[in-house]
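Down below is the structure, laid out as structure tokens.
The values are calculated or read from the model by the stated rules, or taken from the named source; none is laboratory data. Everything quoted here is computed from the prediction, not taken from an experiment. Here the Cβ is made from the backbone with ideal geometry for all residues, glycine too, and neighbour counts use every protein chain on show.
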Amino acid sequence: MAVLGWLTSRRRPATARSVLAGEASAEAARKTSQQLELGEQPLPPAPEPEFPVPGDMRAAAFFDLDNTVMQGAALFHFGRGLYKRDFFRRRELVRFAWQQTWFRLAGVEDPEHMQDARDSALTIVKGHRVSELMSIGEEIYDEYLADRIWPGTRALAQAHLDAGQKVWLVTAAPVETATIIARRLGLTGALGTVAESVEGVYTGRLVGEPLHGPAKAEAVRALASAEGLDLSRCAAYSDSHNDIPMLSLVGHPYAINPDSKLRRHARELEWRLRDYRRGRKAARVGIPAAAGVGALAGGTAAAVALHRRRR
């Protein structure tokens, strides 16, 4: 009996705690029920933590360029500007127009088409001075690129800047072009494809390979190491499934105007999505509806102009 009494006394505190927990739960349930009956709304959930976090100097943001920060491909519009300045012939302009039309209608980055565009650009700039292309690039930005920046993406970049964080473009476009765009947007800088130059003159070759796909992830990792960044606190933004390696590096990946593969991947992993395009067709094929028609019309117009010149 003494043993039984000792066991009973040992159980009482636990039993008392269970009773207390049950009574508290029942009371909370009654209050919630009464609130609903009276039309009162329960307290809202706690707000999400602020992001980007102001003053977090170990965080930064990395933005893809084509179709993420701007509509279309920067390289194509750079080519348009060079054509206007007699850097190459009309048939090459038609080639650029077709490449841009395909890019806009497909809404994805096809490695073969992108390589073709890069080879064309390298041939065009061979023998020209880097300083010359940089000066022309400033003019081309004003003529063709300034009006193609997505306001929504621009606002996301500004939020990081306002939080005191660095913001970088990461693109397969030439680093010179990317640097001009970054500076005009007030961003920190740019990671881009590096064309070889000797004594300030382009050779027509690349240093390494184009900054595309896994190469972007490697560039971001290297920059983060050099800058002392914590990638788990960084953000990355892109429209293309080719950039999944870069997006997967950071703690805050965003799919912006995503292609179908990236949209599916982002939903599976519960990544944030933002789509600044308009219309059902834009959601389906990954382009602004009006812009897609305009790109196709532009390519057609170039072909017609060429045909008329040859008649």
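Filtering region 52-79 to residues that are closer than 25 Å to residue 251 by Cβ, of a type outside the set (Gly, Ala, Ser) and under 17 Å from the mean Cα position of the chain (by Cα) leaves 52, 62, 63, 64, 65, 66, 67, 68, 69. Confirm whether residue 211 is part of a loop (DSSP other than H, G, I, E, B) and hydrophobic (A, V, I, L, M, F, W, C). Yes; evaluated as a whole, the condition is true for this residue.
Whether any residue in region 104-118 is crowded, with 23+ Cβ neighbours inside 10 Å, among the charged types (D, E, K, R), assigned to a helix (DSSP H, G or I) and modelled with pLDDT under 90 is what I want to check. For region 104-118, residues crowded, with 23+ Cβ neighbours inside 10 Å, among the charged types (D, E, K, R), assigned to a helix (DSSP H, G or I) and modelled with pLDDT under 90: present. Where helices (runs of 4 or more DSSP H) sit wholly within region 240-311, those with at least 1 residues that are of a type outside the set (Asp, Glu), surrounded by fewer than 14 Cβ atoms within 10 Å (Cβ to Cβ) and at pLDDT below 95 occupy 280-285, 289-310. Does residue 183 meet the test of being modelled with pLDDT of 90 or more and farther than 14 Å from residue 62 by Cβ? Here the answer is yes, as residue 183 does meet what is asked. Within region 216-235, the set of residues being of a type in the set (Gly, Ala, Ser), within 25 Å of residue 68 (Cα to Cα) and in contact (Cβ under 8 Å) with a residue 12 or more places away in the chain comprises 217, 219, 224, 232, 235.
Entry remark, region 135-159: residues being in contact (Cβ under 8 Å) with a residue 40 or more places away in the chain and over 25 Å from residue 60 (Cβ atoms) number 6 in total. Being surrounded by fewer than 17 Cβ atoms within 10 Å (Cβ to Cβ) and either farther than 16 Å from residue 85 by Cβ or touching a strand residue (DSSP E or B) at 6+ places or on another chain (Cβ under 9 Å) (or both) is a condition met by at least one residue of region 129-141.
For region 207-218, the candidate set comprises residues that are of a type in the set (A, V, I, L, M, F, W, C) and at pLDDT below 95; within that set, the residue that is surrounded by the fewest Cβ atoms within 10 Å (Cβ to Cβ) is 207. Exactly one residue among 88, 63, 51, 78 is modelled with pLDDT of 70 or more, among the aromatic types (Phe, Trp, Tyr) and out of contact with any helix residue (DSSP H, G or I) (no Cβ under 7 Å at 6 or more places or on another chain), and that residue is 51. I'd like to know if region 242-254 contains one or more residues that are of a type in the set (Gly, Ala, Ser) and without any contact (Cβ under 8 Å) to a residue 60 or more places away in the chain. Among the residues of region 242-254, at least one is of a type in the set (Gly, Ala, Ser) and without any contact (Cβ under 8 Å) to a residue 60 or more places away in the chain, which makes the answer yes.
So that you can scan it fast, the table gives a plain yes or no per residue for (1) part of a strand (DSSP E or B); (2) surrounded by fewer than 18 Cβ atoms within 10 Å (Cβ to Cβ):
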site	(1), (2)
161	no, yes
170	yes, no
183	no, yes
205	yes, yes
229	no, no
